[in-house]
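This report refers to the structure that appears directly beneath it.
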Amino acid sequence: MEELLPIAEGLLFLVGDEGITEELMAKSLEISEDIAQQLLDTLQKKYQDDSFGMEVVCYGGIWKFMSKAIVHPFAQKLFQTAKTSALSQSALETLAIVAYKQPITRVEIEEIRGVGCDMMLRKLQARNLITEMGRSEAPGRPILYGVTEEFMDSFKLLSLDELPDLPDFSEHQSDNLFD
């Protein structure tokens with residue numbers, strides 16, 4: 001079991017805010033749910049140590065990493081500092097996807113961008129440019145994201161109808177890329 005601990009830790013990190021159930025951890029590692037429970041309990045105990053800035057929590061059967069309370073005031077400063085800086089290209093891409101496709105889930109955004117966007121969504125939320133709009137009816141009930149009034153003010157928009165039209169790439173496209 002000891003050799004599975006770093007793998008379980010890595011999986012827990014990879015699932016991010018979505019978290020993981022004991023059942024899914026067990027299936028992923030091809031072990032029993034009891035052993036998955038033991039691994040997660042071990043990780044939870046390990047991260048209780050004050051030398052770590054995060055902890056392992058379990059809410060409603062979902063296990064995930066969470067920053068400890070001692071980190072929160074510094075995270076606020078970090079995101080306030082970041083708020084004054086310009087948006088990166090990846091932030092603008094993510095924000096544009098949310099604006100055009102809202103309400104949209106993290107997974108849908110990642111499918112469009114082709115890269116993970118969990119941290120980017122958190123940064124955009126910290127800057128109050130996007131917000132949670134509820135939950136999808138899809139399995140797992142993922143969070144739906146949309147833009148905020150601060151987004152509208154920042155980009156001087158009265159409504160989302162003022163966003164430029166997206167080009168239509170479906171018309172007059174040839175199946176041959178070299179035509």
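The values are calculated or read from the model by the stated rules, or taken from the named source; none is laboratory data. Only a predicted model underlies this, so the values are computations on that prediction, with no experimental measurement involved. Note: ideal-geometry Cβ built from the backbone for every residue, glycine included; neighbour counts use all protein chains shown.
For the range 46-54, state whether one or more residues are part of a helix (DSSP H, G or I) and either within 29 Å of Arg127 (Cα to Cα) or in contact with a strand residue (DSSP E or B) (Cβ under 7 Å, 6 or more places away or on another chain) (or both).
Scanning the range 46-54, I find no residue that is part of a helix (DSSP H, G or I) and either within 29 Å of Arg127 (Cα to Cα) or in contact with a strand residue (DSSP E or B) (Cβ under 7 Å, 6 or more places away or on another chain) (or both), so the answer is no.
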With farther than 20 Å from Glu2 by Cβ, without any contact (Cβ under 8 Å) to a residue 24 or more places away in the chain and over 20 Å from the mean Cα position of the chain (by Cα) as the only criterion, which of Glu55, Glu93, Glu23, Glu33 stands out?
Glu23
Given the conditions (1) surrounded by 14 or more Cβ atoms within 10 Å (Cβ to Cβ); (2) touching a residue at least 40 places away in the same chain (Cβ under 8 Å); (3) part of a helix (DSSP H, G or I), every one holds for Phe13 apart from (1)
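In this structure, is Ala75 out of contact with any Cys (no Cβ under 6 Å at 6 or more places or on another chain), at negative phi and not assigned by TED's automatic domain parsing to the domain that holds Lys123? Full working, then the answer.
On the way: out of contact with any Cys (no Cβ under 6 Å at 6 or more places or on another chain): yes; at negative phi: yes; not assigned by TED's automatic domain parsing to the domain that holds Lys123: no.
No.
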Can you confirm whether the range 27-42 contains a residue that is in the same structural domain as Glu110 (by TED's automatic domain parsing) and either touching a helix residue (DSSP H, G or I) at 6+ places or on another chain (Cβ under 6 Å) or not in a helix (DSSP H, G or I) (or both)?
no
Run Pro6 past the list (1) in a strand (DSSP E or B); (2) over 20 Å from Ile143 (Cβ atoms) and report the number of the one that doesn't hold.
(1)
